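The values are calculated or read from the model by the stated rules, or taken from the named source; none is laboratory data. Because the structure is predicted, anything quoted here is derived from the model rather than measured. All Cβ positions, even for glycine, are placed from backbone atoms using ideal geometry, and neighbour counts span all protein chains on display. Just so you know, the surface numbers come from the protein's heavy atoms only, side chains and all, with ligands and any DNA or RNA stripped out. Shrake-Rupley method; radii C 1.70, N 1.55, O 1.52, S 1.80 Å.
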Amino acid sequence: MNKLSLFSNKTLSRFYLLLMVTVSRIYASDFCATVAWLEGEITDRSGNFIKTGDNLSPGSVVNVGTKSRAKLLLKDDSIIDLGPISQFKLTSCAQPAQQENIELELEFGILRANVQKAKSQKPREFKLKTPTSVLGVRGTEFFVRWQKDENQLSEEQISVLEGSVEVRSLFDKANSIFKIDGGTEFRAQGIIQNLGGAFRVEPATPPRL
């Protein structure tokens, strides 16, 4: 019996994908993330197509098209899944001598993250920003959806599957910090105005857990 017949095509595909991503990262000196898998059309800020195995540098923007999806493997081995019609930015992934910083932005769309715990004793800061919120994250798994409808009503949903996330939201006039634990979600709606680069939010409903 051919030994390859012992493995399904799906298993072989996953092995090949992992090997390709690993080799790609070995030869990259400056990157924030590697595209581990994609389906459909994924482009950068200039409209160039992004391919599986591509390394993304700090400042890279990922645009996910209709009926498309992407999986990114960050420098710290955290995993980011992007859903259809999403725009995502790798703002920073610097690792200075004294602190490890990762900062990401979901400009709109759907994101699911599995954030790895820090592997060293260095101070660490992992942030995800949306147009209306800043999330402080430690080792955890969470889901974020940020969308705007045709009436300019924006809706944000943050669901924590495991661990906890601290959220500071423009939807909250008191500027409180919401701690969202596993099995809990944060929801808010409102109208957002961009006043010379500063956002003003008029909540349609108070943010709630």
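Any idea which residue in the range 189-209 is nearest to E150 (Cα to Cα), counting only those that are out of contact with any Leu (no Cβ under 9 Å at 6 or more places or on another chain) and either among the hydrophobic types (A, V, I, L, M, F, W, C) or part of a loop (DSSP other than H, G, I, E, B) (or both)?
Per the criteria, the residue is L195.
Output the residue which, of all residues in the range 164-177 that are assigned to a loop (DSSP other than H, G, I, E, B) and either aliphatic (A, V, I, L, M) or touching a residue at least 40 places away in the same chain (Cβ under 8 Å) (or both), is surrounded by the fewest Cβ atoms within 10 Å (Cβ to Cβ).
A174
Kindly indicate which of R145, R208, R200 is open to solvent by less than 80 Å² (accessible area, probe 1.4 Å) and charged (D, E, K, R).
So the residue among R145, R208, R200 that is open to solvent by less than 80 Å² (accessible area, probe 1.4 Å) and charged (D, E, K, R) is R145.
Consider T132 against the criteria (1) at pLDDT below 95; (2) open to solvent by 10 Å² or more (accessible area, probe 1.4 Å): it satisfies all of them except one. Which criterion is unmet?
In the conditions (1) at pLDDT below 95; (2) open to solvent by 10 Å² or more (accessible area, probe 1.4 Å), T132 misses (2) alone.
Being among the β-branched types (V, I, T), under 12 Å from S86 (Cβ atoms) and assigned to a loop (DSSP other than H, G, I, E, B): is that true of T66 here?
When the stated conditions are applied, T66 passes them.
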